[in-house]
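Worksheet: one structure, shown below.
The values are calculated or read from the model by the stated rules, or taken from the named source; none is laboratory data. In this text the structure is predicted, and so the values were computed from the model without any measurement. Neighbour counts run over all protein chains shown; Cβ positions are idealised from the backbone, glycine included.
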Amino acid sequence: MVTPMTSQTTQLSAEQVGYLTAGPGRAAEAALARLIDAGLVRVSRDGLVTAVHSNNHGATTSVEARILSYSRTAVRFDTIVQSTANSTEMAQLHRHLLDRRLMQRPRRRHEAWWFSLAIAGGLVVLGFSTPAFFVGVPIALLFFAWQRGRGPVTKAGKEVLRPVSASDRVYAVALYGFCGKVGGHRVGDLFELSQSVVKMIPLKRQRARKSSSDGGGCGSASSCSSCGSGCGSSSSSCSSSSSSCSSSGSSCGGGGGCGGGGGGD
Amino acid sequence: MAGITDLGVGIGWRSEIDLTVERLPGVDFVEVVAENLHIGHLPESVTLLLERGIPVLPHAVSLSLGGADEVDLKRVQHLGEIAEAVGAPMVSDHVCFVRAGGLDSGHLMPVPRTKDALDVLVANVRLAQRNLPVPLALENVAALLEWPDGELSEGQFLAELVERTDCWLLVDVANLYANARNIGTDPERFLDEIPLERLAYVHVAGGEQHGDVYHDTHAHAVLPEVLGVLDELCSRVRPPGVLLERDDNYPSDTEIASELAAIRAVVDKHRG
Amino acid sequence: MIEGNDLSAARKRLAAQQAELLNALLAKGPVPTGFDEQRIAVERRALLSKRRGIARMLGPAVADELGDRFRPLFDAYAVENPRRAGSRAREDAAAFAEWCRASGELSVNRKARWKFWQSN
């Protein structure tokens, strides 16, 4: 169900643009943006995402279909973005982009990439006293270059991405994220989403807090093998499942109403 | 307080559809589930509605007034505090029990319509009333099963309750329809038997027929038959308010608006 | 509050009736005399369905990981663990997740390794 491309230069879908620009998380944001734009999903003031119930679900991609089914009952904005980013549907989109050679399997940056640089530097210093050591410098530098890894987006990928602009609010999300800005406006504002909602999504900046689980690479649970080199791994521990809605000690419940147990099935 | 003055047409406020409720045309009042609100931090949307002058009525689901145990005053107190926080003219809960024998059913269970059950209910309601700052309205529930050995009809049971506690009634026409379908009670007889002058307001909700059982899901469209029961009620009394309850599978704003419009059309038909 | 003897006797009788019904509906207890067995079964399913829906809403990640197994597992959990009076819906959802982990149906650590490549 991945949006088909009619020719090499055809427009990329917002999801694809999102993926090429910033990975599965952004692609999830873009898919969610498309659904909000189409009135298929509503977001509450405090960031509860709920699919708008209708007979015709209106999803145009498998990622969108997943979001709609996942948000049949309210789910937090960040939870749905995160879960969609890690979904098998998103992995399919990634595979599709790989097949079209818009992306490539990145080489992970080695944890010790800086170490080879240090060795090269050391050899240079040593080379001043013993010129024979210069021989090792190019080898160490090559090793360093290989260890630095390779980006996930191919030249072709960058090429098709270049003409894409924030022509509408959905593409604005694909390119800059809900937290980003376009033309001096907050992208979230274009969707009437408050900053407290869009800020639920962990930002790249948080990567400074490097957690032990980060290891050297980044790769998220599923498809984020695309993290090759410059990958921001925000290790913000996701806020579990808790939707801010309801629950309460109330006997009657969750969604808060008094409605009966549903189809009794 | 002499009755509740003209509430109009309203909708149950739920956090998932807060923006929808704010945007909908023709929402004269809203109801909030008291257990989902916390004193000190009312949802922004509820505050906004209050600022617009929209009445907000707390509706409780956990008092278990029909339960054998004495009513839990902590729950009553919370309901009262919410009422004060939103300046509500009235609060409500159901004629039901939710807890018994150390278990929680998670739902509103019907009480046996016996003298024992009525005496206990009356005692619990009186205790709750003494601890509430505003009048209490009680709602008829939808039942999937019938207790054996009922001594009174549902209408008689509620009439007795009103007589002895001076409480108000919140009549759920969808529940009347559900009971007619599922346990064969007669909505018209119910309406004949209850003291309609004590009607606070009316609930309308959607449901779904599943095999031979009608489920009062609050997650489906309102059936024309349910509007038919509302019509029947309106032919007897002008309800001070009618409120649409939707708790899940929220449709588009347009669809919700048209359900409200359909309700208003029934109410207005009898006003002319 | 001091209640009359009549009232406390009524409370006792009502308590027994209500407890018997909930026991039948929530904890596989016998169907109390006078009730229609089919109706009890319908009510049992409706209560279970409502409880399951709330658990799904409060723990979407768990439901997501379990996929098709969510429903049968939740139903098995629910009948073994009827909700205690005074417990919260959120506790129920958490207890279910714990129950699944204990029986090896759910990976032990769902602390999401939330790696966002980049979002801004």
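Just one of (1) assigned to a loop (DSSP other than H, G, I, E, B); (2) within 14 Å of chain C (Cβ to nearest Cβ); (3) among the aliphatic types (A, V, I, L, M) fails for residue B:98. It is (1). Here the condition is being modelled with pLDDT under 95, over 25 Å from residue B:123 (Cβ atoms) and β-branched (Val, Ile, Thr); of B:39, B:54, it holds for B:39 alone. If you go through region C:63-88 and keep only what is of a type outside the set (D, E, K, R), crowded, with 17+ Cβ neighbours inside 10 Å and more than 7 Å from every other protein chain (Cβ to nearest Cβ), you end up with C:63, C:66, C:70, C:73, C:74, C:77, C:78. Candidates are the residues of region A:94-111 that are free of Cβ contacts under 8 Å to residues at least 60 places away in the same chain and not in a helix (DSSP H, G or I); the one that is surrounded by the most Cβ atoms within 10 Å (Cβ to Cβ) is A:104.
For region B:163-174, the count of residues that are touching a Lys or Arg at 6+ places or on another chain (Cβ under 7 Å) and either within 12 Å of chain C (Cβ to nearest Cβ) or more than 20 Å from residue B:228 (Cα to Cα) (or both) is at least one.
Applying the condition of being among the polar types (S, T, N, Q) and at the interface with another protein chain (Cβ under 9 Å from one of its Cβ atoms) to region B:30-56 and asking which residue is surrounded by the most Cβ atoms within 10 Å (Cβ to Cβ) yields B:36. Whether a residue is at the interface with another protein chain (Cβ under 8 Å from one of its Cβ atoms), at positive phi and out of contact with any His (no Cβ under 9 Å at 6 or more places or on another chain) was assessed, and residue B:106 passes this test. Here region B:17-29 is the region considered, the condition is being touching a residue at least 60 places away in the same chain (Cβ under 8 Å) and either within 19 Å of residue A:45 (Cα to Cα) or at the interface with chain A (Cβ under 8 Å from one of its Cβ atoms) (or both), and the residue that is surrounded by the most Cβ atoms within 10 Å (Cβ to Cβ) is B:17. Looking only at residues in region A:120-142 that are in contact with a helix residue (DSSP H, G or I) (Cβ under 7 Å, 6 or more places away or on another chain) and surrounded by fewer than 18 Cβ atoms within 10 Å (Cβ to Cβ), the one that is nearest to residue A:97 (Cα to Cα) is A:141. Restricted to region C:13-58, and to residues that are more than 8 Å from chain B (Cβ to nearest Cβ) and not in a helix (DSSP H, G or I), which residue is surrounded by the fewest Cβ atoms within 10 Å (Cβ to Cβ)? Step by step, filter region C:13-58, then rank; the result is C:30. Of all residues in region B:233-261, those satisfying the criterion of being assigned to a helix (DSSP H, G or I), more than 12 Å from every other protein chain (Cβ to nearest Cβ) and buried (at least 16 other Cβ atoms within 10 Å of the Cβ) are B:233, B:234, B:257, B:259, B:260. When region B:68-95 is filtered for residues that are part of a loop (DSSP other than H, G, I, E, B) and either under 21 Å from residue B:47 (Cα atoms) or within 11 Å of another protein chain (Cβ to nearest Cβ) (or both), the ones remaining, listed by number, are B:68, B:69, B:70, B:71, B:72, B:87, B:88, B:89, B:90.
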